[in-house]
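This report refers to the structure that appears directly beneath it.
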Amino acid sequence: MPEPIEVRKVAIESVTDASGLAQLIDDGVIEADRVLAVIGKTEGNGGVNDYTRILADRAFREVLMARGTRSAEEVAQVPLVWSGGTDGVLSPHATIFATTADALPSDEPRVSVGVAMSDVILPEDIGRPAMVEKVAAGVREAMKLAGIDDPADVHYVQTKTPLLTLATITDAKSRGHDVVTEDTGPSMDISNSTTALGIAVALGEIEMPAADQIHRDLSLYSSVASCSSGVELDRAQIVVVGNVRGIGGRYRVGHSVMKDAIDADGIWAAIRSSGIDLPDRPHPSDLGDRLVNVFMKCEADPSGRVRGRRNIMLDDSDVHWHRQIKATVGGVAASVTGDPAVFVSVAAVHQGPSGGAPVAAIADLG
């Protein structure tokens with residue numbers, strides 16, 4: 001049986017601020033050597049050259065090194081998944097997952113976390129079946145480490161994978177391989193979508209897709225995938241979050257999907273799935289301090305419409321639709337939770353229904 005989990009959310013007050021993590025350790029809430037993963041939002045542009053992710057990564061790893069006993073090599077293996085871009089009211093923050101020796105026993109479903117690293121994802125793998133297979137294998141390994149046998153008990157899978165850069169494209173060509181695209185910006189979306197299909201395959205949500213379905217067949221998706229990509233790694237960092245009976249602890253995870261970008265009911269459904277009882281017409285005040293965080297992806301609907309009304313996100317040449325949809329969904333999520341420090345990430349092809357979003361919620365049930 002895996003160890004029970006402590007989950008805490010901390011604010012990030014500047015680009016290199018990791019004081020929230022340090023305070024949790026200093027206060028004895030968590031131990032540095034027990035930190036399994038960190039999932040957070042940084043304040044950069046969310047693009048290929050968003051180096052706020054690297055700065056946050058370095059700051060948090062420095063705290064783990066300074067306050068723990070793990071070697072630099074061991075700390076380097078801890079998945080720190082940073083999603084860049086806090087457009088609109090979104091606030092930079094981090095959610096920290098750590099094992100704990102101090103948890104109440106419970107036979108109810110409680111959060112368990114498994115982390116894994118995939119095999120190296122080569123530049124020529126991105127957007128192709130080889131990447132789907134490598135991610136799927138990593139998800140299965142993370143499930144095993146979390147003690148989860150039934151895919152139905154998995155409610156959230158967060159990944160970070162490599163995207164294509166000029167350097168990695170050149171590397172592939174030097175070895176006689178081509179890549180799915182030589183445009184580095186769109187490679188972020190393609191990396192995310194390919195990863196989502198790997199998650200869906202591992203959980204039995206879909207069969208193994210054909211090459212021509214990747215990033216094209218929008219009927220294929222995972223309802224629990226949340227995939228980000230960046231320049232700071234060469235394999236998939238995988239964090240599987242689910243529920244296990246008998247593990248003990250205070251926390252439970254649930255999930256649902258937003259049908260479109262303004263589907264607040266989809267967020268409330270995920271919160272209910274996490275075990276929080278709510279009235280028929282809930283209000284943020286009904287949550288008290290029981291909601292740790294919500295995690296979601298988002299994508300501009302390819303039809304250019306939401307509930308029949310036309311929008312110009314995909315036609316706007318001034319502000320990229322990534323930033324517009326992230327701000328939109330972030331505002332809807334914050335209106336539900338009453339807290340702008342929510343995890344909203346963009347580029348969600350194959351992650352939830354087209355134009356919608358997967359939503360995971362973690363509750364503190366005391």
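The values are calculated or read from the model by the stated rules, or taken from the named source; none is laboratory data. Since the model is a prediction, treat every value here as computed from it, not as a measurement. All Cβ positions, glycine included, derive from the backbone under ideal geometry; neighbour counts span all protein chains shown. The accessibility values were calculated without ligands, DNA or RNA, using every heavy atom of the protein model including side chains. Shrake-Rupley method; radii C 1.70, N 1.55, O 1.52, S 1.80 Å.
Dipole magnitude for the chain: about 320 debye, using +1 per Lys or Arg Cβ and -1 per Asp or Glu Cβ, origin at the Cα centre.
From helices alone, the chain scores -9000 deg cm²/dmol at 222 nm; the rule is -39500 (n - 2.57) for each run of n ≥ 4 DSSP H residues, then divide by the residue total. Of all DSSP bridge pairs formed entirely within segment 208-366, close to 75 percent run antiparallel. Label zone of residue 102 (point 7 Å out along Cα→Cβ, amide N under 17 Å): in segment 4-21 this covers 4-9, 21.
Among 144, 134, 160, the order of accessible area from largest down is 144, 134, 160, computed with a 1.4 Å probe on protein heavy atoms.
Working from label points 7 Å from Cα in the Cα-to-Cβ sense, the residue 354 to residue 312 distance is 2.4 nm.
The residues packed around residue 302, meaning those with a beta-carbon under 14 Å from its beta-carbon, carry a net charge of -3 if Lys and Arg are +1 and Asp and Glu are -1. In this simple spin-label approximation, residue 259 and residue 69 carry label points 7 Å from Cα along the Cα→Cβ vector, and these lie 5.5 nm apart. Protein heavy-atom accessible surface, 1.4 Å probe, per residue over the chain: 40 Å².
Under 21 Å of direct C-alpha separation, and excluding same-chain neighbours fewer than eight residues apart, residue 9 reaches these lysines: 41, 160, 297, 326. Taking 7 Å steps out from each Cα toward its Cβ at residue 58 and residue 167 produces label points 1.4 nm apart. Taking 177, 155, 350 and ordering them by how much accessible surface each has at a 1.4 Å probe, largest first, produces 177, 155, 350. To the nearest 10, the accessible area of residue 218 is 70 Å² with a 1.4 Å probe. When a/c reaches 1.5 or more, the comparison of a/b and b/c decides; with that in mind, is segment 202-349 rounded, prolate or oblate per its Cα gyration tensor? The shape class here is oblate. Considering only 306, 136, 257, whose Cα is most displaced toward the positive end of the charge dipole of the chain, charges sitting on Cβ of Lys, Arg (+1) and Asp, Glu (-1)? Of 306, 136, 257, it is 306.
How would segment 233-273 be classified by its alpha-carbon gyration tensor: rounded, prolate or oblate, with rounded meaning a/c under 1.5 and the a/b versus b/c comparison settling the rest? Verdict is oblate for segment 233-273.
In the chain, the portion of solvent-accessible area held by carbon and sulfur atoms comes to 48 percent [1.4 Å probe, whole percent, DNA, RNA and ligands not counted].
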